[in-house]
Amino acid sequence: MERTETIPYEPAPETVARATWLRGQLLSWFRSSGRSFPWRDPGRRPYEIAVAEILLQKTTAAGVARAYSGFIKRYPSWASLALARLEDLESELRPLGLWRQRALVLRQLAQSIEERGGDVPCSRAELERLRGIGPYTASAILAIVYGRTEALLDVNMARLLDRFFGPIGSSGKERSRSLHQLASLLVKGGHCLQINWSALDFGALVCKARRPRCQECQLKAECWYARTQITPTSDAPSG
DNA sequence: CTCCCGTCCA
DNA sequence: TGGACAGGAG
């Protein structure tokens, strides 16, 4: 037997074709409807990128957008953040939620970076050793700061992939592996940041968790979710 | 698996 | 009023 049957490192040809089509659609959609955030602006320092990624964890991007500029202005560097008073940090973070653990994480992260001479690690292993930096945040820093080809598989992209390609695997482990495979397939075609941000924005604005806008979605003809869940008389299920 | 947590929207 | 949010840690 072929080893590809037991070790599916290679996605099926049809999957590759659909992923390529999806890429084109997302990039096209992003040019006209993508979101603009201060932390996406070119020229941002690694510090500003890292802080944004911590703030964005399990928090709405719209909320972070409101607090971001003020936070950077008040704490403009790793050094200032490392020396911050915990109470001040907490009150700055309070409107975003998760303020207690995030204040600790940010200050400890700043102190760790300062001990390294002020530079953000450029390897996944080093990044994930730091408090508050897991697989996703490490990928984001590698992609945005160091220009590496990494998939930003957050809840938005996961939902989009899940719906577009259809349910994958029975176990959570298998599903996770397939999602990462699809995500890396998307990103490997080039334009890493554009495709990542387009998938995130599309998942947040069109392929929403609550009320997906399937009727006006340009992917509906090829989307598993739209083709199976939509009925002529009703939009996407409300639940 | 649970907790962290304020905000937003159906 | 409750689920969901650019996750991560215990």
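Just a few scattered comments:
- Of all accessible heavy-atom area on region A:85-206, the percent that carbon and sulfur account for (1.4 Å): 49 percent
- MRE, 222 nm, helices only [DSSP H, n ≥ 4, -39500 (n - 2.57), over chain A, to nearest 500]: -18000 deg cm²/dmol
- For chain A, alpha-carbon Rg and Dmax in angstrom: 19.5, 63
- In this structure A:His180 has an accessible area near 100 Å², from a 1.4 Å probe over the protein heavy atoms.
- Annotation: Cα Rg of region A:119-239 relative to the compact-globule expectation 2.2 N^0.38 Å equals 1.18.
- Solvent exposure of chain A as accessible area per residue, Å², 1.4 Å probe: 55 Å²
- Here is the list for region A:142-194: trypsin sites (Lys or Arg not before Pro) lying in DSSP coil, each with at most 16 other C-beta atoms within 10 angstrom of its C-beta, are A:Arg148, A:Lys188.
- Approximating the spin labels as points 7 Å out from Cα along Cα→Cβ, the A:Ala62-to-A:Thr149 distance works out to 3.5 nm.
- Region A:92-154 has equivalent-ellipsoid semi-axes of 21, 16, 9 Å, by the square roots of 5 times the alpha carbon gyration tensor eigenvalues, sorted largest first.
- Reduced Cα scattering model of region A:38-146, Debye log10 I(q)/I(0), q = 0.09, 0.13, 0.18, 0.19 Å⁻¹: -0.19, -0.41, -0.84, -0.95
- Dipole size of region A:44-123 about its Cα centre, with +1 on Lys/Arg Cβ and -1 on Asp/Glu Cβ: approximately 240 debye, rounded to the nearest 20.
- Euclidean distance of C-alpha centroids, region A:149-174 and region A:178-230, integer Å: 10 Å
- Stretchable slack from A:Ser171 to A:Arg45, in nm (0.36 nm times residue separation minus alpha-carbon distance): 41.4 nm
- Lys, Arg +1 and Asp, Glu -1 on Cβ, resulting dipole of chain A about Cα centre, debye, nearest 20: 500 debye
- Mean separation of Cα contacts under 8 Å (6+ apart) over length of region A:38-146, as relative contact order %: 30 percent
- With each label modelled as a point 7 angstrom along the Cα→C-beta vector, the A:Arg74-A:Ser28 pair spans 4.5 nm.
- Residues in region A:51-65 that a label on A:Leu104 would reach, taking backbone N under 19 Å of a point 7 Å out along Cα→Cβ: A:54-59
The values are calculated or read from the model by the stated rules, or taken from the named source; none is laboratory data. Fair warning: this is a prediction, and the values are worked out from it, not measured in the lab. Ideal geometry is used to build each Cβ from the backbone, glycine not excepted, and the neighbour counts take in all protein chains shown. In case anyone asks, the SASA skips ligands and DNA or RNA and just uses the protein heavy atoms, side chains included. Shrake-Rupley method; radii C 1.70, N 1.55, O 1.52, S 1.80 Å.
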